[in-house]
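Reading through the structure tokens given below for one structure.
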Amino acid sequence: MQFNPVLHESWKSVLREEFAKPYMAHLKAFLVEEKERYTLYPRGNAIFNAFNSTPFDAVKVVILGQDPYHGVGQAHGLSFSVPQGIKIPPSLHNIFKELMEDIGCDYPTSGDLSHWAAEGVLLLNTLLTVRAREPLSHKEQGWERFTDEVIRTLNDQRDHLVFILWGAPAHKKSALIDSTRHLILKAPHPSPLSSYRGFFGSKPFSQSNAYLTQWGMTPIRWAF
């Protein structure tokens, strides 16, 4: 059994062989069984929302999170993002605080980061699904291997990307990235537990745009 997700053709093209591998069959079987027993987030086709919102050739910046939000109505397939009308979670609140300090914009009125995705920011989680109210419940089932391959493919086939890695698990992904061809920005996770250990003041947004401009690319319009 192969995993055949609804995925933007640009990503399906570069990841086609990955979806045919045995571990993806295991992952699909696991998700089918989990769905029969638990409520899973995000729902349906939103699992691959990051890939459908930011085509492969449009990626300029990658923001790597851990796993989807596990509360009702929060996860919609974009790391750190919540749909319009949903209360802004603490980590995203801290991201917005840093955004204001970094580029001098107003605090966003919505936690929906679809605007960033449309600008070329791949909002990727290490794990793409989770049980309701059980963070990290889908770890070590195959998603880590899949997202490793996503990062490896971007590293190999694209040039001058920015990889924003927040928190220790994300930092480990730097081993997959050639720092001579891409910019790697590491900082503590923006959660209230770690944000004051160096996340605040890290200036990821202005640093990203300075790098993109240096290489002749249009900077990201972070304010919205």
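The values are calculated or read from the model by the stated rules, or taken from the named source; none is laboratory data. No experiment lies behind these values; they were computed from the predicted model shown. Glycine also receives a Cβ, built like all others from the backbone with ideal geometry; neighbour counts cover every protein chain displayed. To get the accessible areas, we keep the full protein, side chains included, count just its heavy atoms, and leave off ligands, DNA and RNA. Shrake-Rupley method; radii C 1.70, N 1.55, O 1.52, S 1.80 Å.
Taking each pair of distinct Cα atoms in segment 1-123 once, what is the resulting Kirkwood hydrodynamic radius in Å?
One over the average 1/r among Cα pairs gives 15.8 Å for segment 1-123.
Considering only DSSP beta bridges where both residues belong to the chain, give the percentage that are antiparallel (nearest 5).
20 percent
When you have a sec, figure out the Kirkwood radius of segment 65-146 from all distinct Cα pair distances and drop it here in Å to one decimal?
One over the average 1/r among Cα pairs gives 13.5 Å for segment 65-146.
Given C-alpha coordinates of segment 21-83, what is the ratio Rg to Rh with the Kirkwood estimate of Rh?
The Rg/Rh ratio comes out at 1.00.
Averaging the inverse of every distinct alpha carbon separation and then flipping it gives the Kirkwood radius. What is it for the chain, in angstrom units?
That comes to 17.7 Å for the chain.
About the Cα centre of segment 108-224, how large is the charge dipole given +1 on each Lys and Arg Cβ and -1 on each Asp and Glu Cβ? Please answer in debye to the nearest 20.
That gives segment 108-224 a dipole magnitude of about 300 debye.
Can you tell me how segment 108-158 classifies by the Cα gyration tensor, rounded, prolate or oblate, using a/c under 1.5 as the rounded cut?
oblate
Considering only protein heavy atoms, with the full assembly of protein chains and a 1.4 angstrom probe, order S114, S191 by accessible area, largest first.
S114, S191
Choose one of L123, F56, L212: the residue whose Cα lies farthest towards the positive end of the charge dipole of the chain (beta-carbon charges +1 Lys, Arg; -1 Asp, Glu; about the Cα centre).
L123
Where the centroid of each part is defined by its Cα atoms, how far is segment 158-211 from segment 23-94 in Å?
20 Å
Could you please state how large a percent of the accessible area of the chain is carbon and sulfur, counting protein chains only and using a 1.4 Å probe?
52 percent
Consider just the alpha-carbon atoms of segment 91-212 and return their Rg together with their Dmax, both in angstrom.
14.9, 41
Using the C-alpha atoms of segment 48-112, what convex hull volume per residue, in cubic angstrom, is computed?
Convex hull volume per residue, Cα atoms: 102 Å³.
Taking only the C-alpha atoms, wrap a convex hull around segment 136-179 and report its volume per residue in Å³ as a whole number.
Convex hull of Cα atoms, per residue: 71 Å³.
Any idea what the relative contact order of the chain is, in percent, if you count C-alpha pairs under 8 Å spaced at least 6 apart?
22 percent
Could you compute the FRET efficiency for A20 and H171, with r as their C-beta to C-beta distance and R0 at 30 Å, rounded to 0.05?
Computed FRET efficiency for A20 and H171 comes out at 0.50.
Please compute the contact order of segment 37-122 in relative form: average sequence separation of alpha-carbon pairs under 8 Å and at least six residues apart, divided by the residue count, as a percent.
36 percent
Return the ratio Rg/(2.2 N^0.38 Å) for segment 1-52, where Rg is computed over Cα atoms only.
With N residues counted in segment 1-52, Rg over 2.2 N^0.38 Å equals 1.18.
For segment 158-224, report the convex hull volume of the alpha-carbon atoms normalised per residue, in Å³, without decimals.
Here the figure is 100 Å³ per residue.
Dipole magnitude of segment 1-80 about its Cα centre, charges +1 at Lys/Arg Cβ and -1 at Asp/Glu Cβ only, in debye to the nearest 20?
60 debye
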